[in-house]
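Below: the structure, in structure tokens.
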């Protein structure tokens, strides 16, 4: 079935998606919102124009009532024409839209958590178009709590993309790595999330290359310099990195200063140092974040922005770990699975106002 | 001898410092410059109004000639009146003034380096007031080079302040910690620098608390919350910190989010996490950065901004390490020692034009 190109927004009952439309799926995060019209198989029939993320929607609004109204308005802008044409369509959303800063505070689910079982913990937000169901995020409690909102849905979708319908619970487990501003390392067995960790590599990389003294000897390269990246990874995997990333980082100043790193290589070298340090921490701590001691390495899957995934792949390769990148519409797959498990897809009339 | 208060700048031959004046000592760094008039004992007789650091002096200047002229002008503004009254006074400077970005590129000295022997490697910059002698910085070569400019002089001064004239070379060694934007951990035996490491804790702390997502749940406290700081240190010294500082940092978001850290505690908790991680790295790596394996702990001395030193002291205390803070005018002591070793203090006529 062909993927339709985005239609202009605003009610347009004449062409709001084919009759096979079955689910409105929303991936609504902090900085962006994407809405998809899916059929029962999860195929994307239509995509709404990009919506505003949670931060932009709530910007300047102080009361909960105003914020709720702003979310409903943004939802209407993205999905109104679909629901005008097919009022019975169920709506399922994931991401920061279900947080204290979002449309409704959907309570976190605690680990261990079967991802399909999230279907039993949806929160319904009433709107004039009917309920918007929201997938809860996950909380790993402990001395250093871990939270995610949205990634749980991506992970479910990517496990299905990678494994098909087989619940590969008999394996040593899967480590799902979601590189980004705050990279998640998630330890899964079958469809069950056991543990995860968040590393602020992406955000600190941005701060350090743009705002620190390390930027002074750097020049933006025309193209990524993967040799400089690999060198940074190698350093972070070596004994020279024993002082921690905040010590090895300083070499991004002293190497150019001593003529041993070109200005154009500095950013990619820093990227390698940081992703290398992240990968090295995971390798040291492997029993806790994936795979049992002595059980051999767990399967590692990457999912996210392709160029960034390739960097993690190269870094893991230096450790002898082959980590395939899982592409495709993992969020829509995840939302479809949860909708199926929740009975939203089988009983679309539940979605009417 | 009483310390005189700063006199107005500009030539004033009637009161430019007592007849016992023997050395003009300059601590000229990236962001600030301080000039002192010393007697033979190293007592500060007069202090010049604060001068501009290397960055401000050279701001907007593109040619080496213009930069040299700007440095000479700034030098004249700080020290002209002293040298007008006592033309024979020798002048000794340390810091980034002796770098490629500074007044003259003074070659680094390689490790191991006896600090008093730096007196034999001064670079003289000719001026109309006579030569300005500049202390070279230190370079630790290797896969990850280390550099310092200015700290070598502080270290010499603080070793003398802490140990008197005794060269305590027979001990297990001293670890000198200079907390700051880029904290230095320096391994010394007697007056000999064996090795050092630079950690970007201070700079990354500033970026993370001001510009990252961690700032969103933080509120500036009225007073430092040392309990929150200690908690951060404890976390970074625990097995929970195995994921590295970029992973533990995320707890400065999830703890407030789950109601387990107050908004006013976030900054001090982050400070504890980061200084704790730095101290933990040093402890793991102790043989390389101070003390031989099995020889017991080396002496640890702190020197720098008092409030920041107290934080490092508290963090080291959690490891069972007592680290006294060395106060006083360590730079002027260091400059005096190098001037003595170089014969500048015994032969002040060498300083004339």
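Checking the structure you have, find out if any residue of the stretch A:128-139 is touching a helix residue (DSSP H, G or I) at 6+ places or on another chain (Cβ under 7 Å), buried (at least 22 other Cβ atoms within 10 Å of the Cβ), within 14 Å of chain B (Cβ to nearest Cβ) and at negative phi. Yes, the stretch A:128-139 has at least one match. Each residue in the stretch B:298-323 was checked for being on the phi > 0 side of the Ramachandran plot and touching a residue at least 12 places away in the same chain (Cβ under 8 Å), and 1 pass.
Just one of the listed residues (B:244, B:272) is crowded, with 16+ Cβ neighbours inside 10 Å, in the same structural domain as residue B:179 (by TED's automatic domain parsing) and touching a residue at least 40 places away in the same chain (Cβ under 8 Å), and it is B:272. Screening residue A:20 with (1) surrounded by 15 or more Cβ atoms within 10 Å (Cβ to Cβ); (2) over 20 Å from the mean Cα position of the chain (by Cα); (3) part of a loop (DSSP other than H, G, I, E, B) gives one miss only, at (1). Can we say residue A:188 is crowded, with 19+ Cβ neighbours inside 10 Å and in a strand (DSSP E or B)? Criteria met by residue A:188. For the stretch B:67-87, does any single residue satisfy the condition of being more than 16 Å from residue B:54 (Cα to Cα), surrounded by fewer than 21 Cβ atoms within 10 Å (Cβ to Cβ) and touching a strand residue (DSSP E or B) at 6+ places or on another chain (Cβ under 7 Å)? Scanning the stretch B:67-87, I find no residue that is more than 16 Å from residue B:54 (Cα to Cα), surrounded by fewer than 21 Cβ atoms within 10 Å (Cβ to Cβ) and touching a strand residue (DSSP E or B) at 6+ places or on another chain (Cβ under 7 Å), so the answer is no.
Confirm whether residue B:331 is in contact with a helix residue (DSSP H, G or I) (Cβ under 7 Å, 6 or more places away or on another chain), more than 14 Å from chain A (Cβ to nearest Cβ), modelled with pLDDT of 95 or more and in a strand (DSSP E or B).
no
Looking for something away from every other protein chain (no Cβ under 14 Å), over 13 Å from the mean Cα position of the chain (by Cα) and farther than 20 Å from residue B:304 by Cα - is there at least one such residue anywhere in the stretch B:191-198? Scanning the stretch B:191-198 turns up at least one residue that is away from every other protein chain (no Cβ under 14 Å), over 13 Å from the mean Cα position of the chain (by Cα) and farther than 20 Å from residue B:304 by Cα.
Of the residues making up the stretch B:245-260, those that are under 15 Å from residue B:212 (Cα atoms), in a helix (DSSP H, G or I) and within 7 Å of chain A (Cβ to nearest Cβ) number 6. On the basis of being within 14 Å of chain B (Cβ to nearest Cβ) and modelled with pLDDT of 95 or more, does residue A:279 make the cut? Yes.
For residue B:203, the test of being more than 14 Å from every other protein chain (Cβ to nearest Cβ), without any contact (Cβ under 8 Å) to a residue 60 or more places away in the chain and either buried (at least 16 other Cβ atoms within 10 Å of the Cβ) or part of a helix (DSSP H, G or I) (or both) is failed. Regarding the stretch A:225-235, can at least one residue be identified that is out of contact with any helix residue (DSSP H, G or I) (no Cβ under 9 Å at 6 or more places or on another chain), surrounded by fewer than 22 Cβ atoms within 10 Å (Cβ to Cβ) and either part of a helix (DSSP H, G or I) or more than 7 Å from chain B (Cβ to nearest Cβ) (or both)? Scanning the stretch A:225-235, I find no residue that is out of contact with any helix residue (DSSP H, G or I) (no Cβ under 9 Å at 6 or more places or on another chain), surrounded by fewer than 22 Cβ atoms within 10 Å (Cβ to Cβ) and either part of a helix (DSSP H, G or I) or more than 7 Å from chain B (Cβ to nearest Cβ) (or both), so the answer is no. Any residue at all in the stretch B:289-296 that is modelled with pLDDT of 95 or more, surrounded by 16 or more Cβ atoms within 10 Å (Cβ to Cβ), outside any loop (DSSP other than H, G, I, E, B) and not assigned by TED's automatic domain parsing to the domain that holds residue B:47? The answer is no; no qualifying residue exists. Note on the stretch B:57-173: no enclosed strands (runs of 3 or more DSSP E) hold 3 or more residues that are within 22 Å of the chain's Cα centre (by Cα) and without any contact (Cβ under 8 Å) to a residue 24 or more places away in the chain.
Here residue A:218 fulfils each of the conditions (1) more than 13 Å from chain B (Cβ to nearest Cβ); (2) within 30 Å of residue B:209 (Cα to Cα); (3) surrounded by fewer than 17 Cβ atoms within 10 Å (Cβ to Cβ) apart from (3). More than 13 Å from residue A:264 (Cβ to Cβ) and either touching a strand residue (DSSP E or B) at 6+ places or on another chain (Cβ under 8 Å) or touching a residue at least 24 places away in the same chain (Cβ under 8 Å) (or both): which single residue out of A:195, A:225 fits that description? The unique qualifying residue is A:195. Evaluation of residue B:119 against the conditions (1) closer than 15 Å to residue B:333 by Cβ; (2) in contact with a strand residue (DSSP E or B) (Cβ under 8 Å, 6 or more places away or on another chain); (3) assigned by TED's automatic domain parsing to the domain that holds residue B:35 shows that the sole unmet condition is (2).
The values are calculated or read from the model by the stated rules, or taken from the named source; none is laboratory data. Note that this is a predicted model, so its numbers are computed, not measured. Using ideal geometry, Cβ is built from the backbone for each residue, glycine included, and neighbour counts are taken over all protein chains shown.
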